[in-house]
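Presented below is the structure to which this report refers.
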Amino acid sequence: MTQTNHIGKGANRVDGPLKVSGTAHYAGEFNVPNLAYGYVVNSPIAKGKVTRVHAEEVLGLPGVLAVYSHENVPHLAWFDRSYKDLLAPGGSPFRPLHTPDITFNQQPVALVVAETFELARYAAALLRVDYEQEPHETNLGTKRTEGYLPGGGKLGYAPPPPPRGNPEKAWKNATHSIEAEYAHGAQHHNPMELFAATVEWLADDKITVYDKTQGVFNVQRYLTGVFGLSKDNCRVVNQFMGGGFGSGLRPQYSVFMATLAALELKRSVRVTLTRQQMFSIGHRPNTLQLLKLGTNPDGSLAALQHHALHETSLFEDYTENVVNWSGMQYKCDNVKLGYQLAQLDVYSPQDMRAPGAATGNVGIEVAMDEMAYAAGLDPLEFRLRNYAERDQNVDKPFSSKKLRECYHEGAAKFGWDKRPLEPRSMRNGHLLTGWGMAGGVWDAMQMPSRASARLTADGRLLVLSGAGENGAGTYTIMTQIAAETLGLPLEAVTFELGDTDQPQAPLQGGSWTAASVGTAVKNACDALGQKLLKLAQKQKDSPLQGADYDEVEFVNGQLRLRRDPDQAVVLRDVLQASGETEVEADSTALPNMLKQNGYSLHSHNAVFAEVQVDEDLGTVRVTRVVNAVAAGRILNRKTARSQVLGGVVWGLGMALMEETIMDHKFGRYVNHNYAEYHIPVNADMPDIDVLFIHEEDDIVNPLGVKGIGEVGMLGVTAAIANAVFHATGKRVRDLPIMLDKLL
Amino acid sequence: MYPFTYSRATDVADAVRDKAGHGASAYLGGGTNLIDLMKYNVEQPAHLVNVAKLPLSKIEDLPDGGLRLGATATNADTAWNEQVKQRYPMLNQAILAGASPQLRNAATNGGNLMQRTRCYYFYDIETPCNKREPGSGCSAIGGYNRIHAILGASEACIATHPSDMCVALAALAPTVRVSGPNGERSIAFEDFHRLPGELPQYDNTLTEGELVLSLDLPEKGFAKNFTYLKLRDRHSYAFALVSVAVGLELDGDTITDARLALGGVAHKPWRDKSAEEMLKGQPATAETFGRVAAHVVANAVGQGSNDFKIELARRAIVRALQQATEGKQQASDAFLNSNP
């Protein structure tokens, strides 16, 4: 080990000081000169038409600059494809202010722009908009028999694999069988930071956009498509985010509105959404799931059927992978997976942390618990008996899979072996204790990504990649990768991201950032390393003469021979001797399809949870959680642990409190604020043990990293639901498990 | 949010005069509720009189053995006041069960009495609400009403009063001293808030321009056998689905005096004096508690999503009476150990 061996250690966040000192700037905080402010007006009806926008009544207020609506919006791009961002599903993307038609409640219908935010907000309150209302439908329950197969999926969507074996016959003939329906309502991402866009107007048709987004290149693509700007004239920047969780994967109407106003008014404009308006953007869809499982006499799975139906908008076929996981998670030869959508008068759902998997995981993992009890087996033993050594969906081995170790180490840490099988068997007065467990699986993905690296004569390394950072630790791990690759201390390295002037990186999502951007950063640094080796070898009497790149190493600011570390040169000296002021290299990293093709690539985890339920009052308190994660190489133990802690918070919220309530009479969400949409607070959180199970995998990518953002959340919700059953003997199948369901 | 003018009052008379001199105006305390409501366009005062700095922040002994809580003392300073902790621990518990430390640091005692319902529809100006816009209808009836009233509601309004502090106050029965254009007067706490009836726009019985000066607690504080039990959808920073404040005096196993008030169930903190009378002279047993609890909810009416609150309230009353008898507090809540 050396001082420049950084990967895997728990380095502090390199961006921490900027954040805690208020010097990290978020999208709504760029105070560019001559800024005007926009405030959005939203529809109070779910379906119908805008018949009149009484703009003239507020345009007379001194300081009000403009009112934009479908009545006066300038001619924009005509074809749907211009509005399709990288994650647009099949259908026609929503076009703000495009027509008088209302297709969902809280649809933005106008933008008021004024000299100050307060004035824009006031004028927006005064703006009268007339509507013609039509009947709407927002209740998924009315669409049970109207599900349809999605027409076109979005990036990453995989239709369920075809059935295998004879699942219906096997289910009917099973020794033990269960059939159950599971449901959860809509959920919203609720990041702390509101959506905001500050568009700096530089010249005619030339802008810089500071936007809250998980993909600056996606926003650039959208804005250039819709407004006909050239890429050179539309720079998009996002260096910091106060949480995204998927809400920032697609461009939101805030950036459309701010750009529209800036181009029209020829001045800089900011639009910030309110907390209420944060419920007018995408959400995890209201979903119904039907599970049918059956077992053989030996406790092996005889049949597995998993069908899901979820809502989408009238205009897009939003898709996510809900049921596919069930076909790969357990060994079973008779499997049928089904997935359908139903259209409602709501806005399109949107990827939300572990999209699809978080939903399907609750279905399969609660059903597996029910099945274990029907078969008289311990839920962990039941899973071990049905352990999948191969991914039967695609009939391939896993590149690596340490789920068994997750089960064993998690169970040992938790003390699972002391668990009595019978529900309601651990009691202390009126408190019933329950232990539950569940597993999870997520894709290990790598997307094409670019990065550049530049070493200057002062010994400093600057690495760039236009990636996104939602707070997970990307700045830090990229700094670690770059510093280790070129043998530098962390302090000598600066990593910058979130700017379309930088090398292109993928959307920040899917848990693929560490693998994708990390590999690009490593490649760029290696490319730079090769240049440095050549420069070093040009020097007279260089001790590295004739050495190949794989015969040298970068350690402690030196470049040296692996077989004889005394033969070394100092990097800074190399640059000075060469007369160069800087050396730069860039690189593109692509997934190695040749290597990956024969394998199924996934991360796994196992979660064990303890709850205490007040038998009389129905209150649930989660008292312990152990989350054992096998996700390849862990780049930073500290930020990785934090990310998994956050995943547990999310899983707990989904289990016990999160739900956006639709009032079907109005077709409108009613709890659209932080006081009534409950996410967990500190007082809800138990002690959490995070275990990382060592996993080496050189197939997924050269770094061996799989990503942990999504998998850390999986299993948590189901483990808590299963623990509640173990405590009370009561099976709650519609989330969240609020106290009235246990009375 | 609508534009408004703003002034800071120097004394009570100045505040009352200033408010009377403006049309649609409001007193501003900690602002933890009023400012939110202004941002939602629910409240649209044209003028705010800041009363937070009036010299009303003292907590001091009264000659009759009681304790005066100044109207501008913060909720936090009140909860952690030594006299309150020693003599009225039920009030300490109730205050700390509400909101968050940040909010309690800003919120005032007077403002706590004046806070408005958390009804979803009251907060959303795009939906009808008789409390916000009399005559427009009640969206909560037949709508989503998980947090709504089961006792004392009307066909015009099923909103609940959201305060925790006020539930303990209802049990402790202070008088509310107020001042207004017609001078000073005292209001019994039970008469301060009102049921909705046909005028749900009025939360309380204050007349135009009246300002809360203090809460004058009587000597009896039920400091030995008391409890504040709060049931909610998360363990902090959530309003009560049902809460129960209980104070008992016991002679051996016999109840000699009792106070019982509920939160989250009605348009006002719901003190049940007939239940208190039922408790007096009875043994502190599960049988007694069950009988009294059934009596309290005998006339409760559910509205659909809140039907469960009838049974929950019944069970919560039993539990609260047990806890008070045993001198125990609500188990395992983080705030119990968070004395700064």
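The values are calculated or read from the model by the stated rules, or taken from the named source; none is laboratory data. Quantities reported herein were computed from a predicted structural model and do not represent experimental measurements. Ideal geometry is used to build each Cβ from the backbone, glycine not excepted, and the neighbour counts take in all protein chains shown.
Structure notes:
- With respect to the conditions (1) within 17 Å of the chain's Cα centre (by Cα); (2) within 13 Å of B:Thr325 (Cβ to Cβ); (3) among the aromatic types (Phe, Trp, Tyr), B:Tyr228 lacks only one, and its number is (2).
- Condition met for A:Ala358 (small (Gly, Ala, Ser) and closer than 30 Å to A:Glu316 by Cβ): yes
- Selection from segment A:1-55 of residues that are closer than 21 Å to B:Ile125 by Cβ and of a type in the set (S, T, N, Q): A:Asn42, A:Ser43, A:Thr51
- Boolean, A:Thr500 is within 36 Å of the chain's Cα centre (by Cα) and closer than 30 Å to A:Gly356 by Cβ: yes
- Residue, farthest from B:Ala26 (Cα to Cα), within segment B:176-213, restricted to residues that are touching a Phe, Trp or Tyr at 6+ places or on another chain (Cβ under 7 Å) and not hydrophobic (A, V, I, L, M, F, W, C): B:Arg194
- The lone exception for B:Ala188 - which of (1) over 13 Å from the mean Cα position of the chain (by Cα); (2) in contact (Cβ under 8 Å) with a residue 60 or more places away in the chain; (3) under 30 Å from B:Thr325 (Cβ atoms) it fails: (2)
- Listed by position, the helices (runs of 4 or more DSSP H) inside segment B:1-113 whose residues that are within 14 Å of chain A (Cβ to nearest Cβ) and either small (Gly, Ala, Ser) or free of Cβ contacts under 8 Å to residues at least 60 places away in the same chain (or both) number at least 3 are B:34-39.
- Identity of the residue in segment A:298-350, β-branched (Val, Ile, Thr) and in contact with a helix residue (DSSP H, G or I) (Cβ under 9 Å, 6 or more places away or on another chain), that ends up farthest from A:Leu249 (Cα to Cα): A:Val335
- Residues in segment B:114-158 that are within 20 Å of the chain's Cα centre (by Cα), buried (at least 24 other Cβ atoms within 10 Å of the Cβ), within 13 Å of chain A (Cβ to nearest Cβ) and in a loop (DSSP other than H, G, I, E, B): B:Thr117, B:Cys119, B:Asn145, B:Ile147, B:His148, B:Ile150.
- Cβ-Cβ contacts under 8 Å between residues 6 or more apart (or on different chains), taken from a first residue in segment A:94-122 that is within 11 Å of chain B (Cβ to nearest Cβ) to a second residue that is in a helix (DSSP H, G or I), are listed as A:Gln106/A:Gln277; A:Gln106/A:Phe279.
- Residue count for segment A:147-171, restricted to those that are modelled with pLDDT of 95 or more and over 27 Å from A:Lys331 (Cα atoms): 2
- Screening the candidates A:Val555, A:Val611, A:Val625 for the property of being surrounded by 15 or more Cβ atoms within 10 Å (Cβ to Cβ), within 14 Å of another protein chain (Cβ to nearest Cβ) and either in contact with a Cys (Cβ under 6 Å, 6 or more places away or on another chain) or at pLDDT 95 or above (or both) yields one hit, A:Val611.
- All positions within segment B:308-325 that are in contact (Cβ under 8 Å) with a residue 60 or more places away in the chain and within 14 Å of another protein chain (Cβ to nearest Cβ): B:Lys309, B:Ile310, B:Leu312, B:Ala313, B:Ala316, B:Ile317, B:Arg319, B:Ala320, B:Leu321, B:Gln323
- Qualifying residue in segment A:142-158 (condition: over 31 Å from the mean Cα position of the chain (by Cα) and either within 14 Å of chain B (Cβ to nearest Cβ) or aromatic (Phe, Trp, Tyr) (or both)): no
- Selection within segment A:87-116 - among the hydrophobic types (A, V, I, L, M, F, W, C), within 29 Å of A:Val32 (Cα to Cα) and within 31 Å of the chain's Cα centre (by Cα): A:Leu97, A:Val109, A:Ala110, A:Leu111
- Verdict on A:Leu571 being within 18 Å of A:Asn5 (Cβ to Cβ) and modelled with pLDDT under 95: yes
- Boolean, B:Asp64 is on the phi < 0 side of the Ramachandran plot, surrounded by fewer than 22 Cβ atoms within 10 Å (Cβ to Cβ), under 18 Å from the mean Cα position of the chain (by Cα) and not assigned by TED's automatic domain parsing to the domain that holds B:Lys268: no
- Those residues of segment A:129-145 which are outside any helix (DSSP H, G or I) and within 19 Å of A:Tyr347 (Cβ to Cβ), in sequence order: A:Val129, A:Tyr131, A:Gln133, A:Glu134, A:Pro135, A:His136, A:Glu137, A:Thr138, A:Asn139
- Matching residues in segment A:635-679 - criterion: being within 11 Å of another protein chain (Cβ to nearest Cβ), in a loop (DSSP other than H, G, I, E, B) and either closer than 30 Å to A:Met478 by Cα or among the basic types (Lys, Arg) (or both): A:Lys665
- Taking segment A:610-624 as the range and being aliphatic (A, V, I, L, M), part of a strand (DSSP E or B) and either in contact with a Phe, Trp or Tyr (Cβ under 7 Å, 6 or more places away or on another chain) or more than 27 Å from A:Val711 (Cβ to Cβ) (or both) as the test, only A:Val613 passes.
- Within segment A:702-743, the set of residues being more than 30 Å from A:Pro397 (Cα to Cα), in a strand (DSSP E or B) and not charged (D, E, K, R) comprises just one member, A:Leu735.
- Summed over segment A:665-684, the residues that are in contact (Cβ under 8 Å) with a residue 60 or more places away in the chain and surrounded by 17 or more Cβ atoms within 10 Å (Cβ to Cβ) give a count of 9.
- Entirely in segment A:26-114, the strands (runs of 3 or more DSSP E) that have 2 or more residues that are under 29 Å from A:Gly498 (Cβ atoms) and in the same structural domain as A:Ala261 (by TED's automatic domain parsing): A:35-42, A:108-114
- Within segment A:462-486, tally of residues that are touching a strand residue (DSSP E or B) at 6+ places or on another chain (Cβ under 7 Å) and either free of Cβ contacts under 8 Å to residues at least 40 places away in the same chain or farther than 19 Å from A:Thr519 by Cβ (or both): 2
- Screening segment B:209-276 for strands (runs of 3 or more DSSP E) wholly inside it with 2 or more residues that are closer than 21 Å to B:Leu62 by Cβ and within 13 Å of chain A (Cβ to nearest Cβ) returns no ranges.
- Any hit, segment A:694-701, residues being in contact with a Cys (Cβ under 6 Å, 6 or more places away or on another chain), away from chain B (no Cβ under 14 Å) and part of a loop (DSSP other than H, G, I, E, B): no
- Screening A:Val32, A:Val50 for residues that are more than 22 Å from A:Asp211 (Cα to Cα) and away from chain B (no Cβ under 14 Å) leaves exactly one candidate, A:Val50.
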